[in-house]
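Scroll down for the structure; my scribbles are underneath it.
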Amino acid sequence: MAGEADHTIHRSPSFRVLAADQIGEIHRASLEVLERTGVEVLHEPARTMLEAAGCRVEGRRVRYPASLVERCISTAPSRVVIHDRTGRRVMFLEGRRSWFGMGSDTLYAYDPDSGQLGSAGAEAVARSARVADSLPHIDYVMSLGIARDAPQTVNDLVQFQQMVQNTTKPICFTAHHRRNLKAILDMAAAVAGGLRQLQEKPFVIYYSEPNSPLMLTAPAVDKLLLCAELRIPLLFTPGSMAGGTAPVTPAGAVVISNAESLSGLVLHQVAGPGAPIISGGNSMVMDLLTAICSYGAPEFQLAIAAYTELYHHYRIPVWGFAGCSDAHLLDEQAALE
């Protein structure tokens with residue numbers, strides 16, 4: 001009808017943990033931690049690189065100026081496109097689009113034939129990759145278990161081999177150290193047709209973490225710098241425990257974990273401005289009765305929601321956990337004893 005607006009307003013329910021002013025408070029508190037407390041960087045070339053970029057370095061302690069942090073937030077890409085093994089563009093990490101995949105690196109797995117819980121192995125990794133490949137709502141694959149039947153020094157390579165041979169979906173993977181990461185990326189490049197093809201159409205994401213509280217270890221930095229150099233998508237997110245390796249309050253845990261994320265992001269962007277990175281944080285909760293990680297605690301999911309809103313504000317792709325449960329943990333431990 002003439003005169004009516006030619007657009008439609010779409011309204012849908014939304015869930016928010018943080019108000020806009022709270023996002024600003026957490027960001028400013030994270031900058032304060034990075035500028036005053038700093039981060040232990042256990043990698044001498046990285047400290048040299050950060051000092052040249054404007055950080056204050058005292059021994060292994062690196063303090064980040066707010067201007068550098070905010071500049072590196074601005075250079076990190078707001079859009080990372082992930083392909084599948086055949087080269088199709090299948091995951092657009094941008095805005096509020098969500099993608100779901102598997103968990104990773106468990107010590108034990110249930111045998112689908114016997115129903116018994118036992119050590120994970122290479123076949124369990126391969127089988128789970130084949131199942132995930134057939135499930136339309138699983139967007140990417142991670143190694144369900146650790147291939148404990150392979151030599152420990154190379155079981156990360158075995159896990160990647162099992163995944164890449166049994167799925168065409170994007171793969172998010174872990175690696176023990178820089179040498180094994182380079183070997184896995186060589187495998188991925190061979191599958192893609194060469195390193196340049198892998199860079200142009202990446203079907204892999206490397207998963208790495210800092211140590212909590214506020215520490216970048218040498219192996220983690222080695223792998224971070226390799227991803228920045230080769231411009232391979234890096235997922236860099238802390239795994240702190242509120243009440244253990246992070247403050248017990250939700251706000252304090254989010255601030256510390258965000259400072260850890262940003263410390264890695266800054267180094268990554270100093271080494272390779274514009275290189276693809278996925279960030280965020282994971283503040284789990286320590287059960288003060290048993291001193292174990294409460295992986296399925298509601299506080300964990302609330303913290304992930306807070307990180308999601310924070311990184312939407314930064315316009316940087318964000319990672320988080322969903323659907324986690326440790327409801328049967330004690331029963332499983334008893335069964336294995």
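The values are calculated or read from the model by the stated rules, or taken from the named source; none is laboratory data. Note that the structure is a prediction, hence the values are computed from the model and not measured. For neighbour counting, all protein chains shown are included, and Cβ atoms are generated from backbone atoms with ideal geometry for every residue, glycine included. Protein only, heavy atoms only, side chains kept; ligands, DNA and RNA dropped before computing areas. Shrake-Rupley method; radii C 1.70, N 1.55, O 1.52, S 1.80 Å.
Using 0.36 nm per residue, how much length does the chain from Arg36 to Ala251 gain when fully extended, once their Cα-Cα distance is taken away?
The span from Arg36 to Ala251 would gain 75.6 nm if fully extended.
Please work out the Cα center distance from the stretch 10-55 to the stretch 117-136, rounded to the nearest Å.
Rounded to whole Å, the Cα centres lie 36 Å apart.
Taking the Cα centre of the chain as origin, work out the dipole magnitude from +1 charges on Lys and Arg Cβ and -1 charges on Asp and Glu Cβ, in debye rounded to 20. If you can, show how the numbers build up before the last one.
Numbers: 28 positive and 34 negative charges, 236 e Å.
Rounded to the nearest 20 debye, it is 1140 debye.
Run the simple label-point estimate for Arg28 and Glu299 please: 7 Å along Cα→C-beta, distance reported in nm.
2.6
Non-local amide H neighbours of Ile171 (under 5 Å, H modeled in plane, Pro and chain starts lacking H): which ones?
Val141, Val204, Ile205
Taking only C-alpha pairs under 8 Å that are 6+ residues apart, what is the relative contact order of the chain in percent?
18
With a point put 7 Å past each Cα toward its Cβ, work out how far Arg97 is from Asp186 in nm, to one decimal.
3.4
Given the Cα-Cα distance of Glu51 and Ser67 and 0.36 nm per residue of separation, how much length would full extension add, in nm?
4.4 nm
Can you give me the Cα centroid spacing of the stretch 226-250 and the stretch 261-294 in angstrom?
Here the answer is 1 Å between Cα centres.
Mind running the shape call on the chain? Use the C-alpha gyration tensor, a ≥ b ≥ c as the square roots of the eigenvalues: rounded below 1.5 for a/c, prolate if a/b tops b/c, oblate otherwise. If you can, show how the numbers build up before the last one.
Numbers: a/c = 1.23, a/b = 1.17, b/c = 1.05.
Rounded, because the longest to shortest axis ratio a/c is under 1.5.
Would you kindly derive the ³J(HN,Hα) couplings of the stretch 143-157 from the backbone phi angles with the Karplus curve 6.51 cos²θ - 1.76 cosθ + 1.60 (θ = phi - 60°), listing them in order in whole Hz, with x for Gly and Pro?
These are the phi-based 3J(HN,Hα) values: 6, 4, x, 8, 6, 6, 8, 9, x, 4, 5, 10, 5, 5, 5 Hz.
Starting from one equal scatterer on each C-alpha and no solvent at all, send me the Debye-based log10 I(q)/I(0) for the stretch 96-170 at q = 0.22, 0.27 Å⁻¹, two decimals.
-0.93, -1.24
Taking amide H positions as placed in the peptide plane 1.01 Å from N, state which residues far from Ile316 in sequence (5 or more) or on other chains have amide H under 5 Å from it.
Amide H neighbours of Ile316, under 5 Å, 5+ apart: none.
Show me, for the stretch 239-244, the HN-Hα J-couplings you get by feeding each phi into the Karplus relation (A = 6.51, B = -1.76, C = 1.60, θ = phi - 60°), rounded to Hz, glycine and proline as x.
After applying 6.51 cos²θ - 1.76 cosθ + 1.60, I find x, 7, 10, 4, x, x Hz.
Tell me, in nm to one decimal, what length is gained between Ser134 and Leu117 on full extension, where the rule is 0.36 nm per residue of separation less the Cα-Cα distance?
Separation in residues times 0.36 nm, less the Cα-Cα distance, equals 3.8 nm.
Over the Cα atoms of the stretch 4-140, each weighted equally, I'd like the Debye log10 I(q)/I(0) at q = 0.09, 0.20 Å⁻¹, rounded to two decimals.
-0.60, -1.12
Just to be sure I understand: with springs between alpha-carbon atoms less than 10 Å apart, which residue in Gly274, Gly145, Gly193 has the highest mean-square fluctuation in the Gaussian network model of the chain?
Gly193
Once you charge only the Cβ atoms, +1 for Lys and Arg and -1 for Asp and Glu, what is the size of the charge dipole of the stretch 85-180 about its Cα centre, to the nearest 20 debye? Display every interim value, and only then the final one.
Numbers: 11 positive and 9 negative charges, 106 e Å.
The calculated dipole for the stretch 85-180 is roughly 520 debye.
Taking the Cα-to-Cβ direction at Arg89 and at Ser12 and moving 7 Å from each Cα, how far apart do the two end points lie in nm?
2.1
Could you identify which residue out of Leu262, Leu289, Leu225 has the top mean-square fluctuation in a GNM of the chain using Cα springs shorter than 10 Å?
Greatest mean-square fluctuation among the candidates belongs to Leu289.
Which value, in debye to the nearest 20, gives the size of the charge dipole of the stretch 1-154 about its Cα centre, when Lys and Arg are +1 and Asp and Glu are -1 at the Cβ?
Around 300 debye, computed over the stretch 1-154.
Skip the ligands, DNA and RNA, and give the accessible area per residue of the stretch 119-186 with a 1.4 Å probe, whole Å².
Each residue of the stretch 119-186 exposes 43 Å² on average to a 1.4 Å probe.
Please label the shape of the stretch 205-312 as rounded, prolate or oblate, based on the square roots a ≥ b ≥ c of the eigenvalues of the alpha-carbon gyration tensor (a/c under 1.5 means rounded; beyond that, a/b larger than b/c means prolate, else oblate).
Prolate is the answer for the stretch 205-312, as a/c is 1.5 or above and a/b outweighs b/c.
Order Cys172, Cys293 by their accessible area, 1.4 angstrom probe, all chains in place, largest first.
Ranking Cys172, Cys293 by accessible area, largest first, yields Cys293, Cys172.
Which residue, chosen from Asn282, Phe92, Ile23, occupies the Cα position most advanced towards the positive end of the dipole of the chain, where the dipole is computed from +1 (Lys, Arg) and -1 (Asp, Glu) charges on Cβ about the Cα centre?
Phe92
So, R0 is 51 Å and r is the distance between the beta-carbons of Thr290 and Arg231; what FRET efficiency does that work out to, to 0.05?
0.75
Let me make sure I get this right: for the stretch 126-180, a, b and c are the square roots of the gyration tensor eigenvalues over alpha carbons, sorted descending. Under 1.5 in a/c it's rounded, otherwise prolate if a/b > b/c, else oblate. Which is it?
Since a/c reaches 1.5 and a/b is larger than b/c, the shape of the stretch 126-180 is classed as prolate.
Compute the FRET efficiency between Arg196 and Gln165 as 1/(1 + (r/R0)^6), taking r as their Cβ-Cβ distance and R0 = 22 Å, and round to the nearest 0.05.
Step by step, r from the Cβ atoms, then E = 0.45.
Can you give the net charge of the other residues whose Cβ lies under 14 Å from the Cβ of Ala253, counting K and R as +1 and D and E as -1?
That works out to -2.
All other residues with a Cβ under 12 Å from the Cβ of Tyr311 taken together, and with Lys, Arg as +1 and Asp, Glu as -1, what is their net charge?
Value of the local net charge: 0.
Can you list residues from other chains, or at least 5 along the same chain, whose modelled amide H is less than 5 Å from the amide H of Thr106?
Gly145, Ile146
Counting only C-alpha contacts under 8 Å and six or more residues apart, can you give the relative contact order of the stretch 76-136 as a whole percent?
17
For the stretch 189-337, with every protein chain kept in place, what is the accessible area per residue (1.4 Å probe, Å²)?
On the way: 5830 Å² over 149 residues.
I get 39 Å² per residue for this part.
Identify which of Ala76, Ala66, Ala291 has the largest mean-square fluctuation in a Gaussian network model of the chain, with springs joining Cα atoms closer than 10 Å.
Per the Cα network of the chain with a 10 Å cutoff, Ala291 tops the list.
Of all accessible surface on the chain at a 1.4 Å probe, what whole percent is carbon and sulfur?
54
Below 8 Å, C-alpha to C-alpha, sequence gap of six or more: please give me the relative contact order for the stretch 200-312 in percent. Please report the intermediate quantities before stating the final value.
Numbers: 201 pairs, mean separation 29.6, N = 113.
RCO, the stretch 200-312: 26 percent.
By DSSP, what percent of the beta bridges with both residues in the chain are antiparallel, rounded to the nearest 5?
Here the antiparallel bridges make up roughly 45 percent for the chain.
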